[in-house]
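One structure is given below, encoded as structure tokens.
The values are calculated or read from the model by the stated rules, or taken from the named source; none is laboratory data. What you see is a predicted model, and the numbers here were worked out from it, not measured in a lab. We work out accessible area using only protein heavy atoms, side chains counted, and drop any ligands, DNA or RNA first. Shrake-Rupley method; radii C 1.70, N 1.55, O 1.52, S 1.80 Å.
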Amino acid sequence: MSTTQAYIETHKDRFVSELIDLLKIPSVSANPAQAAAVRQAAQFVQAQLLAAGADRAELIETEGHPIVFGEKKVGEGLPTVLVYGHYDVQPPDPMELWDSPPFEPLIKEGKIYARGACDDKGQMYMHIKALELLVKNQELPCNVKFMIEGEEEVGSSHLAWFVQNYRAQLQADVILISDTSIIANDTPSITAGLRGLSYIQVEVTGPNRDLHSGVYGGAVANPINALCEMITALKDENNRITIPGFYDEVAELSQAERAEMGKIPFDEAAYKAALGVEALRGEKGYTPIEHVSIRPTLDVNGIWGGYTGEGSKTVLPAKAYAKISMRLVPFQSSDKITALFQQYFESIAPAGVQVKVLPHHGGEPAVTPLDSPGFRAASLAFEEVWGKKPIPKREGGSIPIVALFEKELGLKSVLMGFGLDSDNIHSPNEHYGLFNYFKGIETIARFYHHFVGLGA
Ligand code: BES
Ligand code: ZN
């Protein structure tokens, strides 16, 4: 047993109980009523960084939720790893679909159930425990900095300000992030790319007030009907997005790259069964793995308007709304896609309704070169700890700050996550395997060793 494994074995119960304490804090960044809890989570992270052996850890105030910045220096000439993570979580709703309360963590069948268990408290906390074990074992081979934010789930709106104003403090050789997933516990992988995002709210207005659907229905455009028609028009029969110019910048992969991607294990029947669907529906000419990684998408995230209460009310509503997200791939630009959407959506509004397009947050896609020292160190760490070479894999989710770090700090990020797609992130019954938690701590600790060993 290595010194790393021995430390984890000795302290594993405490590693879990500390994570449970963090998971109890309802740090939902989207909910202003929970601002105090969000701050409490930041203070928890700060205290734990200090307890783990950081030289310093402070809360940096922003106009939104605070950023925790911490540091452990071991030597001037040594490389520096900058760890990024987030302590905020998604709202837990719909509450009634949770088998146990989202902020009362429960361990069941080797998994810890709670909002944020995987995304990202559990994964972020592995880094603090890896720091602890390396410091206590006197094996930390390089300098480490921590930048743990509380607004990732709401678009990281104040992180750009922080990065631009704290450039000197943030100087590092690589950024390390655990906020993604692996293919399976017997098939480790490293995330080599993430999609970008354009997120939009639309408002469709018809008559100047709600109308009786019998008295006026048939003569007056119904904004909900109009909105549904417009949404339908955004894709064609091959599930391709119809917005003119949408695909102009999309990087097409070579046949060789697609063949490589085709080797990633994927069991379509098991995938469908796990989701309770009889068929998949994606862009023609591409595989499901490609649909969720290298192809852009357009999805309605929510749609509302009119009467949705008990029973029935005969009404022709004055307004209809929808929230629409588009996941973007290299080299699409979030601002450009948002503008193309706006132009097109306004142009397809039928007579009798008015359309307002309200852009929300966005973010750019990112890719990590497989031959960078950071990626190679991550690969070696996985191979050592998991006994298998990890497969490089692009993922469908977004971490918009990855592109921001590259632009502002000139640093690439290594996306070394340990979750599983089946961990229900952003859904009821989110969970994180204890196996993944402990293996993750070990892999992170070994990453430092290999990163320094590569002479990075
Ligand atoms: N951890 C996720 C991103 C993720 C999930 C990447 C799974 C790869 C695989 C992150 O916390 C997240 O949910 N991000 C948002 C970004 C948005 C709020 C700007 C997302 O992808 O929806
Ligand atoms: Zn996350």
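Observations, loosely collected:
- HN-Hα J in Hz across the range 268-278 - Karplus 6.51, -1.76, 1.60, θ = phi - 60°, x for Gly and Pro: 4, 5, 5, 4, 5, 4, 5, 9, x, 10, 8
- In terms of its alpha-carbon gyration tensor, the range 1-79 comes out oblate; a/c meets the 1.5 threshold, while b/c is at least as large as a/b.
- Total lysine pairs whose alpha carbons fall under 21 Å of each other in the range 343-456 (8 or more apart, or interchain): 4
- In straight-distance terms, cross-link reach from K319 covers every one of the aspartates and glutamates whose alpha-carbon lies under 17 Å from its own, apart from those fewer than eight places away in the same chain; here that gives E203, D210, E229, E346.
- For the range 385-456, the Kirkwood estimate of hydrodynamic radius, built from reciprocal distances between every pair of different alpha carbons, is 14.7 Å.
- Protein accessible area in the range 413-456, 1.4 Å probe - carbon and sulfur %: 53
- Normalised alpha carbon radius of gyration of the chain [divisor 2.2 N^0.38 Å]: 1.04
- Descending semi-axes in Å of the range 153-282, equivalent ellipsoid built from Cα gyration tensor: 40, 27, 17
- Value at 222 nm in deg cm²/dmol, rounded to 500, when DSSP H runs of n ≥ 4 in the chain each add -39,500 (n - 2.57): -10000 deg cm²/dmol
- Scaling against 2.2 N^0.38 Å puts the C-alpha radius of gyration of the range 310-432 at 1.54.
- Contact order normalised by residue count of the range 1-151, Cα under 8 Å, 6+ apart, percent: 32
- Contact order normalised by residue count of the chain, Cα under 8 Å, 6+ apart, percent: 25
- Annotation: the antiparallel percentage among DSSP beta bridges lying fully within the chain is about 70.
- Based on protein heavy atoms only, the chain ends up with 44 Å² per residue of surface accessible to a 1.4 Å probe.
- Over the range 1-139, equivalent-ellipsoid semi-axes from the Cα gyration tensor in Å: 27, 21, 10
- For the chain, the longest principal axis of the C-alpha atoms and the axis of helix 373-386 are separated by about 80°.
- Crossing angle, helix 3-23 versus the chain [Cα axis fit, 0-90 degrees, rounded to tens]: 40
- Sequence-distant contacts, meaning Cα pairs under 8 Å at least 6 residues apart, place the relative contact order of the range 338-417 at 28 percent.
- Straight-distance crosslink candidates among lysines, where the alpha carbon sits under 16 Å from K136 and sequence neighbours closer than 8 are dropped: K12, K72, K73
- Rg(Cα) / (2.2 N^0.38 Å) computed for the range 180-245, rounded to two decimals: 1.93
- Cα gyration tensor shape for the range 73-126, rounded if a/c is under 1.5, else prolate or oblate: prolate
- Degrees separating the helix 334-347 axis from the principal Cα axis of the chain, which is the longest one: 10
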